[in-house]
Amino acid sequence: MPTIAIIGAGPGLGAAVARRFGREGFSVALISRDQSKLDALATDLAAAGVTARGYAADVRDGASLEAALADAAAELGHVTVLQYSPLPSRDYLKPVLDLTPELALESLRFSALGLIHASRAVLPAMRAAGEGSIVLINGGTSVQARHDFAGTSVAFPAESAYGEMLHDALADSGVRVAQLVIPGSIPKLRYTVDEVADTIWDLHLADGGFRTMLIPMDEGRE
């Protein structure tokens with residue numbers, strides 16, 4: 001049974017993606033910081049017929065993230081799809097004049113360095129199998145900086161750059177790397193979380209360009 005690891009799993013988009021991939025026969029590794037919330041989500045998914053298990057980790061702690069992914073692979077099978085979609089802290093949405101070096105470094109750990117740790121944990125098995133997908137989910141500041149969202153405006157572009165380099169480097173390996181940019185809050189957009197999950201499923205299957213915009217930037221409501 002293939003496995004999807006959802007980093008930043010929660011009751012919204014994470015749960016919708018878990019259900020979507022679960023319908024296709026995937027086991028689901030749910031990864032976020034709160035084990036009790038992960039266990040509750042796994043129970044809800046089990047009631048819907050999805051095999052899911054929670055693994056607590058903080059994306060700012062690379063060792064804990066790699067350990068969670070290793071445990072998931074050992075228990076559920078090697079990770080075929082990695083979704084990197086942790087929800088940024090409100091602290092990362094401060095104005096640029098309030099951005100400290102410490103906060104900038106934390107936001108980079110959360111976004112870019114977390115993705116690097118996660119990718120390096122799953123890529124050996126994907127490359128050996130000749131198939132797999134890594135999907136990044138980012139907000140609009142990955143494309144266009146905003147002085148009032150300083151932390152993500154620094155960190156999301158770094159995450160995007162790493163993802164795009166992976167996309168190019170792995171182009172002939174059977175491993176796909178894609179980014180979905182959601183420039184706004186999903187509840188305020190014209191798509192439901194289930195429809196966004198369908199888009200993520202399509203990105204897993206597609207062998208195309210790196211970046212997909214859910215809606216045009218000028219329609220975003222971030």
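The values are calculated or read from the model by the stated rules, or taken from the named source; none is laboratory data. Bear in mind the structure is a predicted one, so any value in this text is a computation, not a measurement. Heads up, the Cβs are rebuilt from the backbone with ideal geometry, glycines too, and the neighbour counts pull from every protein chain shown. Note: accessible area is taken over every heavy atom of the protein model, side chains too, but ligands, DNA and RNA are not part of it. Shrake-Rupley method; radii C 1.70, N 1.55, O 1.52, S 1.80 Å.
Okay, residues lined up against (1) of a type in the set (Lys, Arg); (2) crowded, with 18+ Cβ neighbours inside 10 Å; (3) free of Cβ contacts under 8 Å to residues at least 24 places away in the same chain; (4) under 13 Å from Pro88 (Cα atoms):
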site	(1), (2), (3), (4)
Ala129	no, no, no, no
Ser133	no, yes, no, no
Ile137	no, yes, no, yes
Gly140	no, yes, no, yes
Val143	no, no, no, no
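Report yes if Gly14 is open to solvent by less than 70 Å² (accessible area, probe 1.4 Å), modelled with pLDDT of 95 or more, within 26 Å of Gly163 (Cβ to Cβ) and not polar (S, T, N, Q), otherwise no. Give the derivation first.
On the way: open to solvent by less than 70 Å² (accessible area, probe 1.4 Å): yes; modelled with pLDDT of 95 or more: yes; within 26 Å of Gly163 (Cβ to Cβ): yes; not polar (S, T, N, Q): yes.
Judged against the criteria, Gly14 is a match.
Output the residue which, of all residues in segment 17-41 that are among the aliphatic types (A, V, I, L, M) and crowded, with 22+ Cβ neighbours inside 10 Å, is nearest to Ala72 (Cα to Cα).
Ala29
Give the residues of segment 149-184 that are of a type outside the set (Val, Ile, Thr) and open to solvent by 50 Å² or more (accessible area, probe 1.4 Å), sorted by residue number.
Correct list: Glu164, Met165, Asp168, Ala169, Ala171, Asp172, Arg176.
Name the pairs: first residue in segment 185-214 and among the polar types (S, T, N, Q), second residue at pLDDT below 95 and open to solvent by 80 Å² or more (accessible area, probe 1.4 Å), Cβ to Cβ under 7 Å, at least 6 apart or on different chains?
From segment 185-214, the pairs are Ser185/Arg221.
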